[in-house]
Amino acid sequence: MPLAITVPTLDPRDAGRVFAELEAAGYDTGFTFESSHDPFLPLAVASHTTEHLRLGTAVAIGFARNPMVLANIGYDLQAMSSGRFVLGLGSQIKPHIEKRYSETWSRPAARMREMVQAIRAIWASWETGAPLRFEGELYRHTLMTPAFDPGPNPFGPPPIFVGGYGPRMVGVAGEVADGLTVHPFNTRRSMEELVLPALDTGLARAGRARDDIEVVWVVNVVTWPDGDDAAREEAMLSIRGQFAFYGSTPAYAKVLDLHGYGDLHHELNALSKEGRWLDMALRFPEELVPELAAVGPRDELAGQILDRVTGITRSVGLVNSRNPDPTHFADVVVALRAAGL
């Protein structure tokens with residue numbers, strides 16, 4: 001079953017080596033994500049240093065770009081990787097789209113639905129030679145001259161995954177995407193009570209079933225050397241800081257509400273506006289961390305991950321950004337494979 005890892009490319013020059021290591025470790029997919037570097041360029045390099053590893057973004061910010069730009073990127077990476085590319089898109093939040101990217105924020109769920117449809121319409125025009133005529137409410141693509149038409153992709157169009165958190169965006173993934181990338185700020189309970197019902201609603205709108213979509217649950221992993229209390233404290237403070245950042249965002253407050261920590265969101269939000277990041281980390285309850293992440297000695301991680309995802313999905317992504325592991329959790333991969341994942 002698909003086993004992925006989300007890896008930061010802190011130095012883009014290392015991309016070829018890093019993704020080759022992921023393939024050797026036994027992963028099925030290596031995902032980049034949009035942070036301080038472009039998420040697509042490392043995959044272009046990795047396409048030449050790997051042979052079997054699926055390469056994708058989890059996620060690239062869709063609203064920082066437009067459907068034509070994404071269609072071109074998706075086409076080229078699909079060709080360069082010999083059909084191994086996944087175009088994973090996310091919406092980000094309003095302040096980043098407007099203030100960091102200087103782009104338009106409006107009706108994010110409707111915009112994401114139309115963006116996916118527009119990209120597919122562009123690819124269909126290139127595949128078939130039919131006139132390009134996509135006329136939506138938010139995007140309009142009606143011009144395609146021979147100079148800008150690459151023709152059919154030798155490997156066909158790549159799949160499109162959508163990163164979803166709230167019910168509307170998760171529903172959009174169920175309606176139009178090939179995959180749903182689930183944000184790591186989720187618990188098993190929030191998956192069962194919030195995410196999956198929203199996904200089923202979207203699938204039903206399109207007359208689809210669960211088997212028609214790949215659900216990649218991205219899981220944070222927190223570990224430390226056995227008996228190293230200082231390393232444990234450092235790792236826990238780091239992940240508490242990450243979860244506090246998520247918890248300060250209104251879009252992610254529902255998970256805290258579900259577990260009886262609704263007031264914590266308001267405290268974290270206020271602290272974030274003052275730039276008090278360490279105080280946010282210290283305020284995030286340590287007892288809540290195991291609900292949101294696989295936490296503990298290395299030999300316990302595979303069992304925890306399986307307990308978390310069994311019955312919900314068999315497509316799992318591990319996070320190697322916070323508390324990064326130099327071996328990319330290769331031993332955990334072996335244990336997960338031995339357990340049947």
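The values are calculated or read from the model by the stated rules, or taken from the named source; none is laboratory data. Everything numeric here is computed off the predicted structure, so don't read it as measured data. For neighbour counting, all protein chains shown are included, and Cβ atoms are generated from backbone atoms with ideal geometry for every residue, glycine included.
For the stretch 130-149, a residue qualifies if it is surrounded by 12 or more Cβ atoms within 10 Å (Cβ to Cβ) and either out of contact with any Asp or Glu (no Cβ under 6 Å at 6 or more places or on another chain) or at pLDDT below 95 (or both), and the qualifying residues are LEU132, ARG133, PHE134, ARG140, HIS141, MET144, ASP149.
Pairs linking a residue in the stretch 312-341 that is modelled with pLDDT under 90 to a residue that is basic (Lys, Arg), with Cβ atoms under 8 Å and 6 or more positions apart or on different chains, are LEU341/ARG314. Take the conditions (1) assigned to a strand (DSSP E or B); (2) in contact (Cβ under 8 Å) with a residue 40 or more places away in the chain; (3) not basic (Lys, Arg); GLU103 misses just one of them, which is (1).
Of the helices (runs of 4 or more DSSP H) lying entirely inside the stretch 1-90, those containing at least 1 residues that are among the charged types (D, E, K, R) and buried (at least 18 other Cβ atoms within 10 Å of the Cβ) span 15-25. Quick check on ARG208: is it of a type in the set (D, E, K, R) and part of a loop (DSSP other than H, G, I, E, B)? Judged against the criteria, ARG208 is a match.
Residue check: is ARG298 in contact with a helix residue (DSSP H, G or I) (Cβ under 8 Å, 6 or more places away or on another chain), more than 26 Å from THR57 (Cβ to Cβ) and among the basic types (Lys, Arg)? Yes, satisfied. The condition of being in contact with a Gly (Cβ under 7 Å, 6 or more places away or on another chain) and in the same structural domain as GLY171 (by TED's automatic domain parsing) holds for only one of GLY74, GLY88, that being GLY88.
Which residues, taken from the stretch 152-172, are polar (S, T, N, Q) and modelled with pLDDT under 95? Within the stretch 152-172, none qualify.
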